Amino acid sequence: MRIKRIIKNKMKKCLCFVTAATVLIASPDVLSFADSKSEQKELDKMVSSMGEAERILAELESNRADTEKFIDKLDKKLSDISMEIYKLEKKLKKVKKKIKKNEEKLNKQKADIKDQYAAMKLRIQFMYENGDTQIADLLFGSDDISDFLNKVEYISELSSYDRRMLTKMQKTKEAIEETKRNLEDKKSELVALKDEQDKKRETTETLLEAKKTELAVYDSKIAASSASIRSMQNDISTQMDVVNQLKQAEERAAAEEKAKKNSGNNDDSTAQDSQIVDSDNTSSGGWMWPLPGYYEISSPFGTRTDPIDGTTSYHCGIDIPAAAGTSIHAVADGTVAWATSGSSTGNWTGIYHGNGLYSVYMHQSVMLVSPGQTVHKGDIIGLVGSTGRSTGNHLHLSVRLNGAYVSPLSYVSP
């Protein structure tokens, strides 16, 4: 976003200023040392802005690397949690299996106790119902007193056996129930641990997804920043070409001025330049309209509402709609100061008419002249198009005098 703001802030200066590079290109203060120096300063600003953009890109890439490292840590943590859950599930499975066997054992013990108790009740009932008869039978059926005592002792031992067996079975049952309680407690503990690990896994997965989304955002920002930097590099390259052309134009202008002084015809030269500058008295009879047959002005010189972004901006010329491919004519005699391309101006040409006066032609589909070329009023210098920052086929005509834009209608009229 900061890169976009750097560029967007510079878009609002005038029609020519859509990017930092284009802002610079759209200042054709040519053939003046101050102009080339100003353009160089603006070029330096562009390089500085790109340096800031590269710093932001490096910061984004660093943050992305940190996020990627954190994602790797989360992946490992998630793997560890999954392994812990796997181990807990195995333990839980074993405990459940033990609980099942213990329950089977407990059920069998309960059944044995029930059977033993039933048998003991029958024997007690039998002895109770037969009472003395049983003792008499034992007395008369015994061979001797010793045999009788042995049988009585047997009955007594049988009753004691029943009691012992019931007590033993009851203790076994209680031990099994205690084991069951312990196993159930272990099961609850394992379930709680598993639930805790499940929550950790869920939290980690949520964080992991968030970080992956964050990584995607960084990728998007890095791609946008890289694209912006590439655009800046292209604009800087274009601006460097413009600066070089301006310096060459300055050198040519200086050479021309020196030649005039050396010729001793300064008065004649001044008169000739004055004729070119005067909109009503040039050597060719005044400046001409650049697009004969097309006289509508869709956007005037000065403050206006930008047709692209709707902001209020300064329009450094006039827009003349015309069909694509319409011939563009030089408005007066002069020398081509530059013929180049910019992201805002598209294909554009500047013609120097002497005494710090220039005519500027933007958004051409084709440029038909070259820097240093002499042109005359009415010569075809290019074709109408919609290159650069444009909403349709038209010619943007600007006039610059002594380093400042002035209304073209002070020099040409439909």
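So Ser359 clears everything in (1) among the polar types (S, T, N, Q); (2) in a loop (DSSP other than H, G, I, E, B); (3) under 19 Å from Pro408 (Cβ atoms) except one condition, right? Which one?
(2)
Mind telling me which of the residues Lys10, Lys98, Lys91, Lys77 ends up being in the same structural domain as Gly350 (by TED's automatic domain parsing) and either modelled with pLDDT under 85 or surrounded by 13 or more Cβ atoms within 10 Å (Cβ to Cβ) (or both)? Outline the logic, then answer.
Numbers: Lys98 fails: in the same structural domain as Gly350 (by TED's automatic domain parsing); Lys91 fails: in the same structural domain as Gly350 (by TED's automatic domain parsing); Lys77 fails: in the same structural domain as Gly350 (by TED's automatic domain parsing).
None of the other options fit; the residue is Lys10.
Give me the pairs, please: first residue somewhere in the stretch 219-234 and among the charged types (D, E, K, R) and crowded, with 16+ Cβ neighbours inside 10 Å, second residue anywhere and at pLDDT below 90 and part of a helix (DSSP H, G or I), beta-carbon distance under 8 Å, and either six or more positions apart or on two chains.
Every condition considered, the pairs that remain are Lys221/Leu60.
Out of the stretch 288-325, which residues are modelled with pLDDT of 95 or more, of a type in the set (Ser, Thr, Tyr) and either out of contact with any strand residue (DSSP E or B) (no Cβ under 9 Å at 6 or more places or on another chain) or more than 18 Å from Ser410 (Cβ to Cβ) (or both)?
Within the stretch 288-325, just Tyr294 meets the criteria.
Can we say Ala337 is in a strand (DSSP E or B), among the aliphatic types (A, V, I, L, M), touching a helix residue (DSSP H, G or I) at 6+ places or on another chain (Cβ under 9 Å) and crowded, with 17+ Cβ neighbours inside 10 Å?
Yes.
Which of the residues that make up the stretch 175-184 are surrounded by 12 or more Cβ atoms within 10 Å (Cβ to Cβ) and over 60 Å from the mean Cα position of the chain (by Cα)?
Ala175, Ile176, Glu177
Provide a single number: the residues in the stretch 160-174 that are buried (at least 16 other Cβ atoms within 10 Å of the Cβ) and basic (Lys, Arg).
Residues that pass the stated criteria total 1.
Determine which single condition Thr303 fails, assuming it passes every other condition in (1) over 18 Å from Leu401 (Cβ atoms); (2) under 41 Å from the mean Cα position of the chain (by Cα); (3) touching a residue at least 24 places away in the same chain (Cβ under 8 Å).
Here Thr303 meets the rest and fails (3).
Restricted to the stretch 381-396, and to residues that are of a type outside the set (A, V, I, L, M, F, W, C), at pLDDT 90 or above and buried (at least 22 other Cβ atoms within 10 Å of the Cβ), which residue is farthest from Pro290 (Cα to Cα)?
Checked the stretch 381-396; the qualifying residue farthest from Pro290 (Cα to Cα) is Gly385.
Please specify each residue of the stretch 341-376 satisfying the condition of being modelled with pLDDT under 90, closer than 22 Å to Gly392 by Cβ and not small (Gly, Ala, Ser).
Of everything in the stretch 341-376, just one residue is modelled with pLDDT under 90, closer than 22 Å to Gly392 by Cβ and not small (Gly, Ala, Ser), namely Thr345.
For Asp280, only one of the following conditions fails: (1) out of contact with any helix residue (DSSP H, G or I) (no Cβ under 8 Å at 6 or more places or on another chain); (2) assigned to a helix (DSSP H, G or I); (3) at pLDDT below 70. What is its number?
Status for Asp280: all satisfied but (2).
For the stretch 351-380, give me each residue that is crowded, with 24+ Cβ neighbours inside 10 Å and among the β-branched types (Val, Ile, Thr).
Ile351, Val360
Let me spell it out: the conditions are (1) closer than 24 Å to Asn234 by Cα; (2) of a type outside the set (Asp, Glu); (3) within 39 Å of the chain's Cα centre (by Cα), and His394 meets all of them except one. Which number is the exception?
(1)
The values are calculated or read from the model by the stated rules, or taken from the named source; none is laboratory data. All figures in this text were calculated on a predicted structure; none of them were measured in a lab. We place every Cβ from the backbone using ideal geometry, glycine too, and count neighbours over all the protein chains shown.
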